[in-house]
Amino acid sequence: MEYGKSLKDTIADSIREDIILCTLKPGERLVEPKLSERFGISRTPIREAFRQLEGEGFIKIIPRKGAIVTEITPKDVDDLYLIAAKLEGLAAYLSAPYITPEDIAVMSRKNTELEKLQGQVVSRDYSFINNSFHAIFINKCQNERLIRILYSLSRQFDRFRNLAMTMTDKVDAAVLDHQSIIDAFGAKDAKLVEDLVYNHVLQSGERLKKLLLSKKS
């Protein structure tokens, strides 16, 4: 167990990671006896972890049925990506005066790495590079509260993106968007970069929503 973490937090972290990586899939039931055996503990801290994960939106506890991994619906995608688009757009706007030529060079390198993945199905490599690209301007926004909020959303985002990996999404669309964002940062055009990031995040949500709808049809 990680030093300083409670047993409940350690269990919640492990289950959350399984959900984010889609090892535990939407609609799958979490069986207390199996988890108790897996972690070698009583059911009490498992139930405490369940309550924490329910509060975070990863599972739903149904009376007489137990804990079930929450489904991701098109409405969930709309809600989360709208929030993220607004907040990331704001972070981009605030960071524009502080983005250095070195930051722009790093963003360009990240986008070149994404270009090499063009035509491929979305992968964890894509998610890592994409997250690194966005982190550059988020971390430069000079607003610690906004940074914390965005990183608290990132776990849900990772789950949504990993779900897309199990479908057939392609990485091509992000590269052109990123280049426009890089150019706007280079021009120190805060309003333009805010609009570009806002639209980029919303379009990412639209692509995921289409994948979800196509899977159901």
Would you say ASP125 is within 17 Å of the chain's Cα centre (by Cα), in the same structural domain as GLU206 (by TED's automatic domain parsing) and within 19 Å of PRO26 (Cβ to Cβ)?
-> no
Within segment 76-120, track down each residue that is of a type outside the set (A, V, I, L, M, F, W, C), over 17 Å from ALA135 (Cβ atoms) and assigned to a loop (DSSP other than H, G, I, E, B).
-> LYS116, GLN118, GLY119, GLN120
Residue selected from segment 174-207 under the condition among the hydroxyl-bearing types (Ser, Thr, Tyr) and touching a residue at least 40 places away in the same chain (Cβ under 8 Å), by the criterion nearest to ARG159 (Cα to Cα) = SER204
Tell me, please, whether a residue that is among the β-branched types (Val, Ile, Thr), out of contact with any strand residue (DSSP E or B) (no Cβ under 7 Å at 6 or more places or on another chain), surrounded by 15 or more Cβ atoms within 10 Å (Cβ to Cβ) and part of a helix (DSSP H, G or I) can be found in segment 27-49.
-> yes
Any residue in segment 91-112 that is surrounded by 14 or more Cβ atoms within 10 Å (Cβ to Cβ), among the basic types (Lys, Arg), in the same structural domain as GLY205 (by TED's automatic domain parsing) and closer than 24 Å to GLN203 by Cα?
-> yes
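The values are calculated or read from the model by the stated rules, or taken from the named source; none is laboratory data. Just so we're clear, the structure is a prediction, and the values are computed from it rather than from any experiment. Note that we place each Cβ from the backbone using ideal geometry, even for glycine, and neighbour counts take in every protein chain shown.
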